[in-house]
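*Asks:* Structure below; questions to follow.
The values are calculated or read from the model by the stated rules, or taken from the named source; none is laboratory data. Quick caveat, the model's predicted, so the values are computed rather than measured. Methodologically, a virtual Cβ is constructed for each residue, glycine included, from the backbone with ideal geometry; neighbour enumeration extends over all protein chains shown.
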Amino acid sequence: MIPVTKPYFPSREKLDKYIDGIYERQWLTNNGQLVQELTKRLEDYLGVENLLLVSNGTLALQIAYRALGVSDAAPSAQPEAITTPFTFIATASSLKWDGVQPVFADIDPNTWCLNPDNIEAAITPNTRAIVPVHVFGNACDVEAIEAIAQKYKLKVIYDASHAFGVKYKGESLLKHGDAATLSFHATKLFHTGEGGAIIFKHKEELERAKKMINFGITGPECIEELGINAKMNELQAAMGLCVLDEIEANLNARHTIWERYARELAGLVQLQKRSDDLSYNAAYFPIVFKSEQEVVRVADLLKDNGILARRYFFPSLEIVEFLDQKEMQPYSKNIASRILCLPIYAALEKSEQEGIINVIKSHMRLE
Ligand SMILES: *Cc1c(COP(=O)(O)O)cnc(C)c1O
């Protein structure tokens, strides 16, 4: 089976060298040398400051909510955050888990990111934050969202799990918002096996979060505030350093694949409308068909040919019961029902990709 994505495996020799170092230092976690090194190298590579490594992308979101005061241990009124239903479950479930009610607003039918007009309409006296997603690495309308946040005094936490390395107007997209979070899960473009990061706008919040990821402990006999365990360890950082060393080759391979899909499928299916002034990281290749029937048919056809394309993000998250939503967001529901993500990863062979394209084209000719 050709999977929709495959983890990137960096040079084994290099990884062994890093592991030798871990054995020599006899240091496995608690802000070790490799975690510190990866923090610096990621800040340089991404062009950001105030980056905090954590153990996964979901905890990155939760720590960001806490550090910014969106979720409190004992909230007075039920806090709410406005977010998108067109995303991976963790964006919304992490809010709910932390006692914040996710309130969905609808996406733009072309960019598939939150439409700022719908955000404003969903604000209530209990709204504390906006949690938009740069879905598939596309940029949200960061200027409009910033203006709304200022007007209503809301925090903005971008789930930027898909936006590793993306530049907007020549600068890192991750600089927008009070915080932006990344996932370094094995299947992501850049990964540490499991892992994640938060990029804070302000140093004070970074410092607060640093305490929070280590149980609130600040000294041998000092526990300053409520915390949890969200630390990255040295083995994760070793993997990350190796993957980062080879990121250019990884990106080049993905871009070649991305561009071949775009060339061959343009006009046959709907592609995501990307913001101007935006670089892309070729992390995903989503296509939208005319109907749900068609997407099911093509996914089955691909499967018959040994290719596993995935319907994500489907379903639109309003139907998840524990999220307590009353209504569907029409555009999110509509796009979610017709979308398919095609296989894209550095090790995907040209002949394999041509096979995928041929299956889709032969289906289109039959229509
Ligand atoms: C992968 C992902 C997450 C969760 O990250 P983990 O590292 O798996 O916890 C959250 N949001 C989005 C949009 C993701 O794609």
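*Asks:* In segment 80-96, what residues are within 12 Å of the ligand (Cβ to nearest atom), surrounded by fewer than 24 Cβ atoms within 10 Å (Cβ to Cβ) and not in a helix (DSSP H, G or I)?
*Replies:* Scanning segment 80-96 gives a single hit, Phe88.
*Asks:* Within segment 297-329, can you find the residues that are part of a helix (DSSP H, G or I), surrounded by 15 or more Cβ atoms within 10 Å (Cβ to Cβ) and of a type in the set (A, V, I, L, M)? Before you say what the answer is, go through the steps one by one.
*Replies:* Of all residues in segment 297-329, those part of a helix (DSSP H, G or I) come to 297-304, 317-319, 321-323.
Okay, now just the ones that are also surrounded by 15 or more Cβ atoms within 10 Å (Cβ to Cβ), so 297-299, 301-302, 317-318, 323.
Selection gives Val298, Ala299, Leu301, Leu302, Leu317, Leu323.
*Asks:* Condition first: part of a helix (DSSP H, G or I), outside the structural domain of Ser362 (by TED's automatic domain parsing) and more than 20 Å from the chain's Cα centre (by Cα). Can you find one or more residues in segment 216-235 that meet it? Please lay out each step first, then the result.
*Replies:* Initial filter on segment 216-235 (part of a helix (DSSP H, G or I)): 234-235.
Right, trim to outside the structural domain of Ser362 (by TED's automatic domain parsing) and you get 234-235.
Now narrow it down to the ones that are more than 20 Å from the chain's Cα centre (by Cα): 234-235.
Looking through segment 216-235, at least one residue is part of a helix (DSSP H, G or I), outside the structural domain of Ser362 (by TED's automatic domain parsing) and more than 20 Å from the chain's Cα centre (by Cα).
*Asks:* If you don't mind, another one. Right, Asp108: of a type in the set (Asp, Glu), crowded, with 24+ Cβ neighbours inside 10 Å and touching a helix residue (DSSP H, G or I) at 6+ places or on another chain (Cβ under 9 Å) or not? It would help to see each step written out before you state the result.
*Replies:* Values: of a type in the set (Asp, Glu): yes; crowded, with 24+ Cβ neighbours inside 10 Å: no; touching a helix residue (DSSP H, G or I) at 6+ places or on another chain (Cβ under 9 Å): yes.
Spelling it out, it is not the case that Asp108 is of a type in the set (Asp, Glu), crowded, with 24+ Cβ neighbours inside 10 Å and touching a helix residue (DSSP H, G or I) at 6+ places or on another chain (Cβ under 9 Å).
*Asks:* Which residues, counting only those in segment 275-296, are aliphatic (A, V, I, L, M), crowded, with 17+ Cβ neighbours inside 10 Å and out of contact with any His (no Cβ under 9 Å at 6 or more places or on another chain)?
*Replies:* Here is the first cut: in segment 275-296, the ones aliphatic (A, V, I, L, M) are 278, 282-283, 287-288, 295-296.
This time we only want the ones that are crowded, with 17+ Cβ neighbours inside 10 Å, so: 282-283, 287-288, 295.
The answer is Ile287, Val288, Val295.
*Asks:* Kindly provide the set of residues from segment 163-212 that are more than 14 Å from the ligand (Cβ to nearest atom), within 21 Å of Leu95 (Cα to Cα) and either touching a Gly at 6+ places or on another chain (Cβ under 7 Å) or part of a loop (DSSP other than H, G, I, E, B) (or both), ordered by number.
*Replies:* Result: His176, Gly177, Asp178, Lys201, Lys211, Met212.
*Asks:* Name the pairs: first residue in segment 197-219 and on the phi > 0 side of the Ramachandran plot, second residue of a type in the set (Val, Ile, Thr), Cβ to Cβ under 9 Å, at least 6 apart or on different chains?
*Replies:* Cβ pairs passing all conditions: Phe215/Ile223; Phe215/Ile228; Gly216/Ile223; Gly216/Ile228.
*Asks:* Return the only residue of Leu51, Leu68, Leu28 being within 16 Å of the ligand (Cβ to nearest atom) and assigned by TED's automatic domain parsing to the domain that holds Lys210.
*Replies:* On the way: Leu68 fails: within 16 Å of the ligand (Cβ to nearest atom); Leu28 fails: within 16 Å of the ligand (Cβ to nearest atom).
Result of the check over Leu51, Leu68, Leu28: Leu51.
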